[in-house]
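Below is one structure, written out as structure tokens; the observations come after it.
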Amino acid sequence: MHCGKEVSALAIVWVRIDDRLIHGQVVTAWSRECKCNHIVIANDQVAADKMMLTVLKVAAPPGMPVSALTLKRTAELYREGAFDNHRILILAKNPHDVLELVKAGVDIPLLNVGGMGGRPGSQPIYRNIHATPGDVEAFQELARLNVNVMFQIVPASEKKSLSEVLPGYARKPGGD
């Protein structure tokens with residue numbers, strides 16, 4: 001999975017955590033960089049909120065389809081090949097949702113973490129990214145499951161690995 005690069009039949013071209021979902025950075029930077037042709041929001045609460053989906057569709061690039069799916073439905077459609085022949089940008093609100101997708105069989109070799117705002121129990125870990133102890137545990141588990149967790153706000157900004165942002169938390173080569 002390489003944003004902006006040609007990929008084989010792999011339908012998911014980018015997976016990003018951004019608790020704001022669709023906003024200026026996603027519209028102007030990531031969707032263009034990834035050359036995606038469909039945005040899938042994988043989150044149970046957003047999938048159940050028709051008003052929120054309407055707002056997100058308005059915020060998307062003109063002509064860009066936007067779907068809000070439950071985590072279960074996202075994984076089902078992935079396994080069924082429904083995303084094939086598309087260039088899907090998956091947006092998640094938190095690492096727990098991404099972890100659930102991976103455990104359900106969605107192949108996510110690279111995770112871009114770009115925006116997790118401050119909330120009760122969270123601490124800043126990198127620029128505008130805040131994490132709770134549970135978020136850190138989810139990042140750890142994703143790394144153990146061979147997901148390359150990478151922190152990058154916009155395509156032009158510096159990339160930071162999980163081990164750079166949270167020293168000691170990244171999966172070590174050859175072990176847990």
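The values are calculated or read from the model by the stated rules, or taken from the named source; none is laboratory data. In this text the structure is predicted, and so the values were computed from the model without any measurement. Positions of Cβ are backbone-derived with ideal geometry, glycine not excepted, and every protein chain shown enters the neighbour counts. What goes into the accessible areas is simple: the full protein's heavy atoms, side chains included, and nothing from ligands, DNA or RNA. Shrake-Rupley method; radii C 1.70, N 1.55, O 1.52, S 1.80 Å.
So A42 ticks every box in (1) within 29 Å of L166 (Cα to Cα); (2) touching a Ser or Thr at 6+ places or on another chain (Cβ under 6 Å); (3) at pLDDT below 95 but one. Which box is left unticked?
The one condition A42 does not meet is (3).
Over 16 Å from I39 (Cα atoms), free of Cβ contacts under 8 Å to residues at least 60 places away in the same chain and touching a helix residue (DSSP H, G or I) at 6+ places or on another chain (Cβ under 7 Å) - does that describe any residue in region 72-90?
no
Does at least one position in region 147-157 carry a residue that is among the small types (G, A, S), assigned to a loop (DSSP other than H, G, I, E, B), surrounded by fewer than 16 Cβ atoms within 10 Å (Cβ to Cβ) and touching a helix residue (DSSP H, G or I) at 6+ places or on another chain (Cβ under 9 Å)?
Yes, that holds for at least one residue.
When you check A48 against the structure, is it free of Cβ contacts under 8 Å to residues at least 40 places away in the same chain, within 20 Å of G134 (Cβ to Cβ) and surrounded by fewer than 16 Cβ atoms within 10 Å (Cβ to Cβ), yes or no?
no
For residues in region 78-99 being of a type in the set (A, V, I, L, M, F, W, C) and open to solvent by less than 30 Å² (accessible area, probe 1.4 Å), which is farthest from A42 (Cα to Cα)?
Restricting to residues being of a type in the set (A, V, I, L, M, F, W, C) and open to solvent by less than 30 Å² (accessible area, probe 1.4 Å), the top hit is F83.
Could you go through region 28-36 and let me know if any residue there is more than 28 Å from S157 (Cβ to Cβ), without any contact (Cβ under 8 Å) to a residue 60 or more places away in the chain and open to solvent by less than 80 Å² (accessible area, probe 1.4 Å).
No - not one qualifying residue is present in region 28-36.
Every residue, every condition in (1) closer than 23 Å to R119 by Cβ; (2) at pLDDT below 95; (3) not polar (S, T, N, Q), yes or no:
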residue: A60; (1), (2), (3): no, yes, yes
residue: M64; (1), (2), (3): no, yes, yes
residue: A68; (1), (2), (3): yes, no, yes
residue: E80; (1), (2), (3): no, yes, yes
residue: N85; (1), (2), (3): no, yes, no
residue: L89; (1), (2), (3): no, yes, yes
residue: P95; (1), (2), (3): yes, no, yes
